[in-house]
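Below you'll find the structure, written out as structure tokens, and then a few comments.
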Amino acid sequence: MIDCLIVGTNMPPTPEHVEMVRSVDNHGGAWRDLRLAFVEHQGQPYTALDLINHIYDEAGQSHRQFNNLDFLWPAVSYLASFLRRRGFTVDWINLFQQEKEEMRRLLRSGQVRTVAVTTTLYVSPQPMIEVIKFVREHSDAHIIVGGPYISGQAEVRNADELASLFEYLGADTYVISSEGEQALAHIISALQKGEPLNGVANLAIRDPKSLLRPFSRTPVETEYNPLEENPIDYGLFPPEQLSQFISLRTAKSCPYSCAFCGFPQRAGAYKTLAPDLVEQELDRIAALGNVDTLTFLDDTFNVPKKRFKEILRLMIRKQYGFRWNSFYRSDQGDYETIQLMREAGCEGVFLGIESGSDAMLKNMNKTARRRNFAEAIPQLQAAGISAHASLIVGFPGETEDTIRETQSLIEQSKPDFYRAQLWYCDPLTPIWKNRQEYDLEGNGFSWRHRTMTSEAACDWVERLFFDIRNSTWLPQHGFEQWSTFYLQRRGYTRQQVIDYVALFNSTIKAQMADPTLKAIPAPILQRMRTLLLEKTTDDAFMANIHHRSNETVSQDALESFAF
């Protein structure tokens, strides 16, 4: 028997995802954000990586598919290691869309006792429903769903609403916990022994015999699984699944309390692995022999500063040769830290800048200030470390002036990439408790407060997309900062990646300016083909594209993009 089949993630094909968001959001904030991340060509929407595959296929060139999730999903590696360490037999499906046939084969074997559906990336029920229906079609396995989506919904819905959601999803048991690994292990053990599940904490259990209360809740208990006691067993996974990319974490939760983020409240106290345990983890990865790129998932990898420097120095001393990327808190770094990062192999950092306005940073309860970013970004760039600036537009207190401050910070500091997103009004975040102070109404992507509406904020996001000249917009959906390093491992230089993204963005701008334009302009498409297939660039042409794709928006400028 396979005690548990773990399903990593389900990312629907781009056409399905675009149509789903279009039909549900109807040109609201979610749709307008997504529209800044795909081009239309020959009747199909394409993300930046989708389009690379299309260009290769169209040219008849055989290649391994480019995929933004071309690595072993961290939830899979962690859960599989956790369960195997406790004596359970485990198998996994890393990417549902790509591995349906293997999943069908496993389910039809009749040997799968439970299926665990993780929910790390989900913000809507549809991906889970597709997986659950697939399992039902091919097996009578007990379906368990847990993770951030479930625990988040349990906090904002009342009992009846939550039961309706669970009925809609269609699983058998739901784990309601910020962690949940122990609950999953206890469920499997109880099912093995034929015992009832009501003795397992933190569950919602389907009761098919009850019409009034179709789900029963079990007692709530705090679950905590120390990282040092639950390392990933990389020996479980075949080399072809580990490939050259590994994502790992060396800490849990976050020591900060940003007003727009509910993660620390859900994840509990901030806990870090000691440097010697980080060294042991890196030693295990190095012993695999084929891994050269690491992504540290910690929200605050460089906090505390002393520990971070110890880790950097041990990476330098051990000469692992890894190239790596991570989140970076600019107010907790300095010139020495950045030089150590360079020497230790860092190739990129994700900067949660959010705003270039000190007034807004104070509203957000951020400890960093504009000067921290203004100092750090040029130092990172000079050290050869790619910087991506992540921005939020529309948080309470936002005005035209504060947005212009954000724009000027990006123009002056010149990170490789930037991305502005509409603020998502989440009732699970600290700002929700102070909503009356800002006359805040609504939630999600539809809200208004004393100084801005979500519609106006969307307009500003689009203006930042069009207006900023000295940095390149990161399309984001289906293409993350990690994708830029992934493309470099696939043979492109950093500048070629930047040039390709600039070409991609110029097409989005042309199609937004002229909604009847349903194809990539011929000169842009030809340049993409040349860059991607021959891996060459025309410096003069690209200089023109970078200039034109970053022009201040005007109708004449927009029309010129149609060529």
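Ordering 136, 342 by the number of other Cβ atoms within 10 Å of each residue's own Cβ, fewest first, gives 136, 342. Along region 45-56 the Karplus relation, 6.51 cos²θ - 1.76 cosθ + 1.60 evaluated at θ = phi - 60°, assigns HN-Hα couplings of x, 9, 6, 4, 6, 4, 5, 4, 4, 4, 5, 5 Hz to successive residues, with x for each Gly and Pro.
Taking 15 Å as the straight-line reach from the Cα of residue 209, the aspartates and glutamates in range (excluding those fewer than 8 positions away in the same chain) are 167, 172.
In a reduced charge model with +1 at each Lys and Arg Cβ and -1 at each Asp and Glu Cβ, region 449-543 shows a dipole moment near 260 debye about its Cα centre.
With a simple spin-label model that places each label point 7 Å from the Cα along the Cα-to-Cβ direction, the separation between residue 358 and residue 263 comes to 2.7 nm. Straightening the chain between residue 190 and residue 42 buys 48.0 nm, computed as 0.36 nm per residue apart minus the Cα-Cα spacing. Electrostatic tally near residue 453: other residues with Cβ closer than 11 Å to its Cβ, Lys and Arg +1, Asp and Glu -1, net -2.
The order of 200, 393, going from fewest to most other C-beta atoms within 10 Å of their C-beta, is 200, 393.
If you keep only loop residues by DSSP, which trypsin sites (Lys or Arg not before Pro) in region 174-260 have at most 13 other Cβ atoms within 10 Å of their Cβ? Loop-located and lightly packed - 209. Among 301-310, 168-177, sorting by the average number of other beta carbon atoms lying within 10 angstrom of each residue, highest first, gives 168-177, 301-310.
Starting from 0 in steps of 20 Å, tell me what percent of the Cα-Cα pairs of the chain lands in each bin. Whole-percent P(r) values from 0 Å outward: 19, 55, 25, 1.
Computed FRET efficiency, Cβ-Cβ of residue 64 and residue 16, R0 22 Å: what is it to the nearest 0.05? Efficiency computed from Cβ-Cβ geometry: 0.45. Of the two radii for region 417-536, the radius of gyration is 1.09 times the Kirkwood radius, both from the alpha carbons; that is the Rg over Rh value. Simple spin-label estimate for residue 233 and residue 443 gives 4.1 nm between the two label positions (7 Å along the Cα-to-Cβ direction from each Cα).
Here each label is just a point 7 Å from Cα along the line to Cβ, and for residue 53 and residue 343 those points are 4.2 nm apart. Axis angle, to the nearest 10 degrees, between helix 126-138 and the longest C-alpha principal axis of the chain: 40 degrees.
Here r is the Cβ-Cβ distance between residue 436 and residue 91 and R0 is 51 Å; the resulting FRET efficiency, rounded to 0.05, is 0.50.
For the residue pairs 362/414; 433/509; 271/362; 306/362; 271/318, the C-alpha atoms sit more than 31 angstrom apart in 433/509.
Summarising the amide proton neighbourhood of residue 392: residues at separation of 5 or more, or on other chains, whose placed amide H is nearer than 5 Å comprise 354, 355, 421. Here the sum of -39500 (n - 2.57) over DSSP H runs of 4 or more residues, divided by the residues of the chain, equals -13500 deg cm²/dmol at 222 nm, to the nearest 500.
Just so you know, all these numbers are worked out from the coordinates, no wet-lab data involved. What you see is a predicted model, and the numbers here were worked out from it, not measured in a lab. Methodologically, a virtual Cβ is constructed for each residue, glycine included, from the backbone with ideal geometry; neighbour enumeration extends over all protein chains shown.
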